[in-house]
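Chemist: Before I ask anything, here is the structure I am working with.
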Amino acid sequence: MAPMIPNGDPGPATPTLVGKTQESPAKLRPEDEIIVVRGGNISFQARSQSLWKGVNDPSTDCKYGLLEIKCPFSKRGEALNQAAAEPNFYLEKVGGKFYLKKEHTCGYSAQVQGQLALTGLKWCDFCIYLSDSNEMCVDRIYFDTHYWKNKLLPKLSQFYLQHALKYLVGRARLVNSCSHGTEDTILVNSIKTVQQVRL
């Protein structure tokens, strides 16, 4: 995955493109349960203490919370009840309301917790919009400090230090091989930067 990030490889084209085209209509849909987002789109956001971490394209208003919209390509023609009845889908219906399954393999719960940690916001409205049936649900998810500190942050730090940093240092060596910096200087500076941005 690390090599895909600098190159901007979006992964599978069709589901990603369909999801992106349906996010704007979901944002504009007038529903009582959705707070109107005034902050607009932010392409990348990171705290100064953790520059190596970032949030890709959430809609935020720091005064309120985060809005994460998913438009599942595989369920676009279904109703919410039908989609939630599928055991392998990341949505469940409990007591007449729809919720994101926290332990689902899709990783959306971890994604939301990471976005909340990195933006400093307290909650996220996780919106699932089924385009063909024009149905939508919103699950308000609150920041879980225990999960962030004990599960997600250690995994993200390990990935960054063991995989992403090696890749980035390798690219820096390639780019700087023509400049005045030595490989050792580049590596030492990268390690110092990582030590400074750790939470």
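Chemist: Grab the Cα-Cα distance for LYS102 and HIS163, subtract it from 0.36 nm times how many residues apart they are, and report the gain in nm with one decimal.
Modeler: Stretched fully, the LYS102-HIS163 segment lengthens by 19.4 nm.
Chemist: While we're looking at this one, here's another question. Output the peptides 132-142, 158-168, 107-117 sorted from most to least packed, where packing is the average of other Cβ atoms within 10 Å over each peptide's residues.
Modeler: Most protected by this proxy first, the peptides run 107-117, 132-142, 158-168.
Laboratory data are not the source of any read-out in this text; all were calculated from the coordinates shown. Everything numeric in this text was worked out from a predicted model, so none of it was measured. Ideal geometry is used to build each Cβ from the backbone, glycine not excepted, and the neighbour counts take in all protein chains shown.
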